[in-house]
């Protein structure tokens, strides 16, 4: 798999410019076309945000033309809610930002979670306040639990994993050992794709939940990206994983690439 079409969602919020810079950097690295999708609400065209909302298309086109990228631009209808209406299906990667508490009224409420769960396309979710200046994908942590979702995430992230300088495989299990056959199998599979893997497992003793242990490991590994599955079939299923999807979508410091 290669990234050939990347969608970046655009709005009048404070995080949009940095999101576009990051999407441009990723598109340039993977020689992809960048598709800007304006997901502004009706509220965005009122009051102080109006001028910024009206400038979205021109600013996006100027930025990608300066970068020398192929591109498209679409404006989604304010009432759009499905993955098709938000131009998510014909893409290899979606780029968005966690909803900003002060600006969430400016952007379509289906993004990120509803589109992540329905589009069938991996989504890179940037933290609020992201500047677009830091690298993404140099040191990557895979949050792995042998599920369909984490399997999907690994394959969807393969272009990034192959290009990464370091990749850490994080497994959270009561019987964790580097020597476990299932751990060695996923490590070997990644190595078959040219991904150099360091094992960074955590034995679950009941003192920490999945997300707490993951973030403790991130501090140790100086990671710049988490790759993980997104779980959303039912409240019970999320509870089994400690609400990891919700926690990661709400984390305030780390870009997350998620697949469902």
Conditions (1) more than 22 Å from residue 28 (Cβ to Cβ); (2) in contact with a strand residue (DSSP E or B) (Cβ under 9 Å, 6 or more places away or on another chain); (3) surrounded by 15 or more Cβ atoms within 10 Å (Cβ to Cβ): number failed by residue 174
(3)
Cross-chain or 6+ apart pairs with Cβ under 8 Å, the range 51-65 first and within 19 Å of residue 95 (Cα to Cα), then part of a loop (DSSP other than H, G, I, E, B) and modelled with pLDDT of 95 or more:
53/11; 53/12; 56/11; 56/12
Odd one out for residue 129 among (1) at positive phi; (2) crowded, with 21+ Cβ neighbours inside 10 Å
(2)
Residue 83 is checked against (1) in contact (Cβ under 8 Å) with a residue 60 or more places away in the chain; (2) buried (at least 18 other Cβ atoms within 10 Å of the Cβ); (3) touching a helix residue (DSSP H, G or I) at 6+ places or on another chain (Cβ under 9 Å) and fails just one. What number does that condition carry?
(1)
So for the range 228-237 (the condition being part of a helix (DSSP H, G or I), touching a strand residue (DSSP E or B) at 6+ places or on another chain (Cβ under 9 Å) and either at pLDDT below 85 or buried (at least 19 other Cβ atoms within 10 Å of the Cβ) (or both)), does at least one residue qualify?
no
Quick test for you: out of 53, 23, 27, pick the one residue that is part of a helix (DSSP H, G or I), under 19 Å from residue 74 (Cα atoms) and more than 17 Å from the chain's Cα centre (by Cα).
53
Assuming residue 186 fulfils every condition listed in (1) buried (at least 17 other Cβ atoms within 10 Å of the Cβ); (2) within 30 Å of residue 100 (Cβ to Cβ) apart from one, which condition is it?
(2)
Among the residues that make up the range 100-109, is at least one of them in contact with a strand residue (DSSP E or B) (Cβ under 6 Å, 6 or more places away or on another chain) and either more than 21 Å from residue 211 (Cα to Cα) or surrounded by 18 or more Cβ atoms within 10 Å (Cβ to Cβ) (or both)?
no
By my count, strands (runs of 3 or more DSSP E) wholly in the range 113-176 with at least 3 residues that are under 17 Å from the mean Cα position of the chain (by Cα) and closer than 13 Å to residue 190 by Cβ are 139-144
In the range 201-225, what count of residues is obtained for those that are modelled with pLDDT of 80 or more and closer than 12 Å to residue 166 by Cα?
4
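The values are calculated or read from the model by the stated rules, or taken from the named source; none is laboratory data. This one's a predicted model, so the numbers in the text were calculated from it and none came from an experiment. For neighbour counting, all protein chains shown are included, and Cβ atoms are generated from backbone atoms with ideal geometry for every residue, glycine included.
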